[in-house]
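Take a look at the structure below.
The values are calculated or read from the model by the stated rules, or taken from the named source; none is laboratory data. Keep in mind that this is a model prediction, so the values were computed, not measured. Here Cβ is always computed from backbone atoms with ideal geometry, including for glycine, and neighbour counts include all displayed protein chains. What goes into the accessible areas is simple: the full protein's heavy atoms, side chains included, and nothing from ligands, DNA or RNA. Shrake-Rupley method; radii C 1.70, N 1.55, O 1.52, S 1.80 Å.
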Amino acid sequence: MVASSNPFDDPIAETETAYTEQSSVEDKEFSASPAEASWQYLGDLPYRRIPIYSHVQWRSSCPSSMQQNCLAWYPQGLSKPQHLVDPKEIRNWYQTTTQTHVKACPHGGPIAACTAPLTDSFRTTQLRILTNSGQILSQQEFPPAEYRERYGAVDILCLGFTSRTTLVVVLNDSLCFTYNLKGQTLLQPFYVCQESIPLLQAKVYEGGVAVLTKNQDAAIAELLDHHDEEEYSQTAHLSAQRIDSDDMSHYALVTILPTSEYAKRHFCTFSTLAVFSRLRTTSQHPELFLSTSDNSVILVEVSTMKMTDVDCRARVNSPIVDMVFAPNGRFLACFTESCILTVISTSFETKVLDFDTSEGSQQIPSQMEWCGEDSVVLHWKGLGVLMVGPYGDWLRFPYEDDTVYIVPEIDCCRVITDSAIEILQRVPPVTAQMLSIGSIETSAMLVDASDAFYAGTSADDSTVRDIAASDQLLSAVETCLEAATREFDIVQQKRLLRAASYGMHFSYKSIESKGVVQPSPTAQEFVAAARKLRVLNRLRHPNVGWIATSAQYDAMTPIGVVARLIALQRPALACSISQYLGLPKSVQIFARASKAAAYVMAAEGTDAQVAEAATEIILGGAGDHSLHRGAYATVAMAANQAGRPGVANLLLLLETSVVDKVPALLSTGAYADAMAVATQARDLDFIFSTLMEYERSCLTNSNDVSKAQAAFLGMVVSKFTPEGFHTLRRYLQTTADVKNVTNLLIRAQQFGAAGTAMAQRALKEHDAREKQGLLAEASRIFSLGKDTALHKASTDDYAELIRDQETLRTKHNAPEVAPPSSSVTSTIASVIKFAAIQMRDQHRLFSDADKLAKKYRVPEKRFWHIQVTALAESQQWSNLRILSESKTKSPIGYKPFARAAIRGKQSSAEILKYIDRVSANEERYDLFCEASLWKRALEEAGKLKDTRRVLNVKTLCNSNEIQLLADEMLGRLAQ
C-alpha cells in the first residue's frame, strides 16, 4: 500500500464488491458565493442563506421505482390518470396523492425519507436513509414483511431521528419501529400506548418519541442504550415498562400518562404536544407539554405523573396547535388557531413575541422550527419560508419548489428541497463585525492589510504595527481564526487564515521551557483551527455529505465525529481523522478496528492473507497486540458475518480482552472455546451467558425441542468445562421442574446425584400421587447406577411406607393414625399413640404396629424403645405395664420404663415397680435420684460404698432427716 500525502486518503483499494471510501479531495474548492452577498438583515441581525449542495440526485437502489430526482419514492406500477402527460403535471398529481416524510439527523447528519399514500393505493414503500448529498446509506421495504398483513404504507404517521442517530417510525396505532443508520432494527417493534388506539399526533424528540391518542391519553417512550446509567431506569415511574433489545445494548422506557382523566375532569381537550428534554429539567426526566382547548398548557412530569396547569391564558389568545422548544431550552414557540406566533419562556412568565401571520395565510404552517436560538422559521406550501425575529422583524425566503423540509440545528437550520440543500444561519457576530462594509474593527483592518500584502501592493505594514502597539493584535488574530472556522466558503477560509498568519508574524513569541522552544498559545490555536477546517471541509465534501458547522463540531466533540463517521459507514475517514487530530489511543484503535472490519467483509484472498492485512490495519504501526484489546474481537465478528470464520478464528487468537473475546466467540459459534476463556478468567457472568447463548442456539437450530435439549446437555457434559457444568447444575436446581437438573446429571452419568435430586423434590411434594410418581422415577434412576443399590432400596421402602400410611388412614378412617412422614419410627409411634384415642381398636392397632416393625425390619430393641416412648407420651400406663410384663426379661431392660414413669410423673409405687427390676445398682441409684426418692438413693449409695454419691444425695435433697442419715453413713464409711 502506498501512503498518501492526504491524511484522509483511504488505503483500501476500490473494487466492485468491496466496501470502499472515495478519499481523494479534489483540487478545486467548493463553489460558493461570497459571504457578504448572502446577508439579509432581520432587524439588526444579519442572516445568510448558504447553498451547500445543488442539483442533488436523490438516489434509490430500487430499480422498480419511478425516481424523478426528488425525495419522494413512487412504485413503478402506481396507476395515474391517463389524461396526465406532462411530467410536471404527473409530479404534481403524485404530490397531492401522497405524503413524503422527510427528517434529518441532528448536527448535519443523514436524511430519512419515506413516501406514504394518502389512500391505500400501494401497500409498501421504501424507507431510505441518505446523506445530504443524496447517497444511499440504507434502503428497505416498509412495513417489514411480518407486519404487511395488518399494516401498509398508509399507516405511517411520522418519523424522526433522536440525538443518538436512532431512526424512529411511528404508525397510526402507536406501533414504533427503531433503526440505526445501517437500517438495522435496534428494538423489536413495540406499542408506545395501548394497541389499536388511533393517534392524534406523534413527535420524535432528541431522547425518544411521545404520542397523543384520540382518546386524550399521552405516552412517551425514552430510547436509551448501554451508555446510560442503569440507575436512571430505576428512578422512572413505577408503571414504566422496559423493553430490551436482543443483545441488551438498547432499551426503551415506555410510560403511559393518564392525561385523559385530567381532560375529563377539567372539561378540555388536547391539541398538540412537545417534549422538554431530560437534559434541561430539574428532575432529570423528560417533561411533556400539552396544549389545551382553553388556551393553556399542561405540564406533565413523566417520572411522577404530576400534572400542572401553567395558566398562560392571559398570554395566549387562542388554543395552541403547534409547539417547538428552542435549542437552548429557554423559549417555546407556539402557533395558535388564530394564526398568531407566540414566543414565550419555558417558565411561561415572560412573553417575548406575538406575531400575526394571518395576512399572509390563514392556514397552519406545514412546519415550524427554530433557526438557531434567535429566530423562528415557518413554511407554508406555495409561500416559501418565513423567518421571524425576537422583535417582530421578519424575512421571507421564496422557494420555487413546494417540497421544502426544515431541519432545526443548534446554530442554524437546514432547508432541504427536491434539488438542493442550503443553510439559513445568523451571521456569527465575529464575522458580522469583521466583514461588514466599512468596519473599523482591528480584525477587519488586519484582513485588509493581509489582502494588500498578498496582492503585492505597495502598501506598508504600518497598520498592523499600529494594531500591535495597541495590544489588540492577538485579539484580532483570534477573531480571524474564529471567523475562519465558521465559514463555509474555502476561499474565505483561506483569506481569514492568511490574515491570522500575517498578523502572527508581528506578534509571534516563542516560549522556552527547560531549554525546549514551544509554540505560543496563539500558534496552537492557529493549528487547531486549520485542522478543524480541514476536517469540516472533508465532512462537507459530496462523497461524505455531512453538513457540520463549527458549533455543531464543538458540540459533538472530535470523538463524537469519529463515532458518527463509523455509523455512517465511513470507517477509513474516521480512522484518518482520529490519527490526524491525535485523539486518544482508544479512539484510534476503535476507528482502526472499524476500518479493518470493513476490509475483511469485502476482501478476497486466503484466510491467512486477509487476517494478516486486517492485523496490519489494527496495529497501525504499533507491534504490541496487548495495546489493541477489543479490536481483534470486533473485526472477528465482522469477518464471521461476512462468512469468513477462518479469518475470525485467526484474529481471535490475538485477542487478550476477555470482555470482548467471549462475545466474539459466541457470535462465531465457538461455544466451547468461549466457555474455556470464561472459565480461565473465572467470570461467572460470562460462564452463565455462554450457557444461555448456546441453549438459545440449539433451540433456534432445531424444530424439535427434545432434540435441541439433548444436544445442549450433551455439549455441556462432553465439551464444556466442569465449572460450566456445575454452574448449569446450580441454576437448574432453582427451576420448578426437577427433570431439568436430573436430565443433566443422567447425561453426565451421575445417577446418585440425579436420583437424590428427584427424591429431594419428592419430599417437598404434598400431593400423594405426585410424590409416588417422583419416588418411582427416583428409584428408576438409582437402578441405572452400579453403586446406588442402597439408594434404590431406601427409596423403594419409603414409597412402600407412604402406601402403608395411606392404608392405615383408610383402614381406621382417621388421618392422625399415620400422618405423612418419611420415618418408620414416627409411623409406628403414631399408630401406638392412636390406641389411646381408639380404646376399642387397641389390639388391632398394636398388631398393625407390630406388622410395620417386622415389614421394615425394625430391630427388636428399637421397637421396644418406640413402644415405651409412644405409650408414655400418650398416657397409656396400663399398656406400658403390660408391655413390661409381656416377657420374662425385657430386651431393653427396665430403665426406659422407669424413666418414662418418672417423666410421666407417676406415683412412687408405679415407679418403684420398674426400678426394683433394674439389676445394676448404679442405674438404680441414678433412677432414685431422678425420681427424688432420696432415702432409697442413699441406701443404694451405701451399698456401693461410694462417698461421692452420698455427698451428692446430701447436697441435692432438702430433707434434714436424709442429711443426718447421709452424715451417719459418711461416718461409717470413713471408719
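In table form, for the structure just shown:
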{"quantity": "Contour excess over end-to-end distance, with Cα ends at S245 and D946 and 0.36 nm allotted per residue", "calculated": "243.8 nm"}
{"quantity": "Shape of the stretch 668-743, Cα gyration tensor, a/c cut at 1.5", "calculated": "oblate"}
{"quantity": "Net length gained if the chain between H227 and F267 were fully extended (0.36 nm per residue, minus Cα distance)", "calculated": "10.2 nm"}
{"quantity": "Partners for K945 among aspartates and glutamates (Cα-Cα distance below 16 Å; same-chain residues under 8 apart left out)", "calculated": "E922, E923, D926, D967, E968"}
{"quantity": "Difference of contour (0.36 nm per residue) and Cα-Cα distance, R840 to D767", "calculated": "23.1 nm"}
{"quantity": "Å² of accessible area per residue within the chain, as computed with a 1.4 Å probe and no ligands counted", "calculated": "48"}
{"quantity": "Too-long pairs where the Cα-Cα distance tops 22 Å, listed order kept, from K661/K707; K792/K855; K182/K661; K811/K851", "calculated": "K661/K707; K182/K661"}
{"quantity": "Inter-label distance, nm, simple model (7 Å from Cα along the C-beta direction), L299/D787", "calculated": "7.4"}
{"quantity": "The chain, helix-only ellipticity at 222 nm - DSSP H runs n ≥ 4, -39,500 (n - 2.57), divided by all residues, nearest 500", "calculated": "-13500 deg cm²/dmol"}
{"quantity": "Straight-distance crosslink candidates among lysines, where the alpha carbon sits under 22 Å from K943 and sequence neighbours closer than 8 are dropped", "calculated": "K895, K913, K935, K954"}
{"quantity": "Charge dipole magnitude, Cβ of K and R +1, D and E -1 - the stretch 823-894, Cα centre, debye nearest 20", "calculated": "240"}
{"quantity": "Share of carbon and sulfur in the accessible heavy-atom surface of the chain [1.4 Å probe, %]", "calculated": "51"}
{"quantity": "Which of I256, A202, H237, positive extreme of dipole for the stretch 164-268 (C-beta unit charges)", "calculated": "A202"}
{"quantity": "For the stretch 541-668, size of Cβ-based charge dipole, Lys and Arg +1, Asp and Glu -1, in debye", "calculated": "260"}
{"quantity": "Ranked order, L118, L199 - accessible area, probe 1.4 Å, largest first", "calculated": "L118, L199"}
{"quantity": "Positive-end extreme of charge dipole, the chain - chosen from G752, V562, F177 (charges on Cβ)", "calculated": "G752"}
{"quantity": "Paramagnetic reach from T119 (point 7 Å along Cα→Cβ, amide N under 18 Å) across the stretch 136-153", "calculated": "152-153"}
{"quantity": "Test item: Cα-centred dipole of the chain, Lys/Arg +1 and Asp/Glu -1 on Cβ, debye", "calculated": "5800"}
{"quantity": "Alpha carbon Rg of the chain, scaled by the compact-globule rule 2.2 N^0.38 Å", "calculated": "1.48"}
{"quantity": "Per-residue SASA entry for K264, accessible area with 1.4 Å probe, Å² rounded to 10", "calculated": "150"}
{"quantity": "Listed residue (T656, P571, A551) projecting farthest to the positive dipole end of the stretch 541-668, Cβ model", "calculated": "A551"}
{"quantity": "Cα-based reach from K88 at 17 Å (exclusive), listing lysines while leaving out same-chain residues under 8 positions away", "calculated": "K80, K381"}
{"quantity": "Simple label model, 7 Å out from Cα along Cβ direction - E961 to T463, nm", "calculated": "13.9"}
{"quantity": "Distance (nanometres) between label positions extended 7 Å along Cα→Cβ at V352 and S821", "calculated": "8.6"}
